[in-house]
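Down below is the structure, laid out as C-alpha cells.
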Amino acid sequence: VRYEGDWEGWIKFFLKGIAEVSDEATSTAKEIIALKKQYEDDLNQRNASANMQKMVDYIFESPIFSIRDVEEKLGVSYPTASSLVTAFIECGYVEDMTPYRQRKKKYRFKAYVELLNRGTELNGNIN
C-alpha cells in the first residue's frame, strides 16, 4: 500500500479478515449456546438441585475456579461447594487442573475452555 497505493486491495484484505473472524465468532457463540443447553438438559434429566443449576451458570461465567470461588459466588457453605465440584467432576463437566495439590486446587470447565481456545493454538512452525 505504501509504495504502490493499492488502498482498494488492502481494504478488501482487511474486510475479508473481519468477515472471517465474525463468522468464527458467530459459530463459537452458537456452539456455546448449544453446550449450555446440553448441560442444562443433562441436569434436568438427573433431577439436579437448584445449586447444581446455579453451578452450570457459574462455570459458563468463570470456567476456571476454586471451591472457594464457588462458595462465594453461589452463596453456599464450603462443604456444599466442595460437593458441587465433586459432582461436576463425576459427571465429567469439570476437571482438576491441580491434581498434585492437596490445597488451593483449581478446576476448569474443560469443554468450554477448549471451545474458547480453538483456533488459537500455535502450530509449532514459528522460528
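The values are calculated or read from the model by the stated rules, or taken from the named source; none is laboratory data. Every value quoted in this text rests on a predicted model; they were computed, and no experiment measured them. Here the Cβ is made from the backbone with ideal geometry for all residues, glycine too, and neighbour counts use every protein chain on show. Ligands, DNA and RNA are stripped out before the accessible areas are found, and what is left, the full protein with its side chains, is counted by its heavy atoms. Shrake-Rupley method; radii C 1.70, N 1.55, O 1.52, S 1.80 Å.
Tabulated data
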item: Check on GLU8, of a type in the set (Asp, Glu) and either in a helix (DSSP H, G or I) or under 27 Å from ARG118 (Cα atoms) (or both); result: yes
item: Scan of the stretch 16-34 for residues that are open to solvent by 100 Å² or more (accessible area, probe 1.4 Å) and of a type in the set (A, V, I, L, M, F, W, C), ordered by number; result: ILE33
item: Selection from the stretch 65-104 of residues that are open to solvent by 70 Å² or more (accessible area, probe 1.4 Å) and part of a loop (DSSP other than H, G, I, E, B); result: MET97, PRO99, TYR100, ARG101, GLN102, ARG103, LYS104
item: Of all residues making up the stretch 105-119, the number that are part of a helix (DSSP H, G or I), surrounded by fewer than 17 Cβ atoms within 10 Å (Cβ to Cβ) and not polar (S, T, N, Q); result: 5
item: Counted residues, the stretch 35-64 - those being open to solvent by 60 Å² or more (accessible area, probe 1.4 Å) and of a type in the set (A, V, I, L, M, F, W, C); result: 2
item: Output for the stretch 2-15, where each listed residue is surrounded by 11 or more Cβ atoms within 10 Å (Cβ to Cβ) and of a type in the set (Asp, Glu); result: ASP6
item: Search result, residues across the stretch 67-85 that are under 24 Å from ILE33 (Cα atoms) and of a type outside the set (A, V, I, L, M); result: ASP69, LYS73
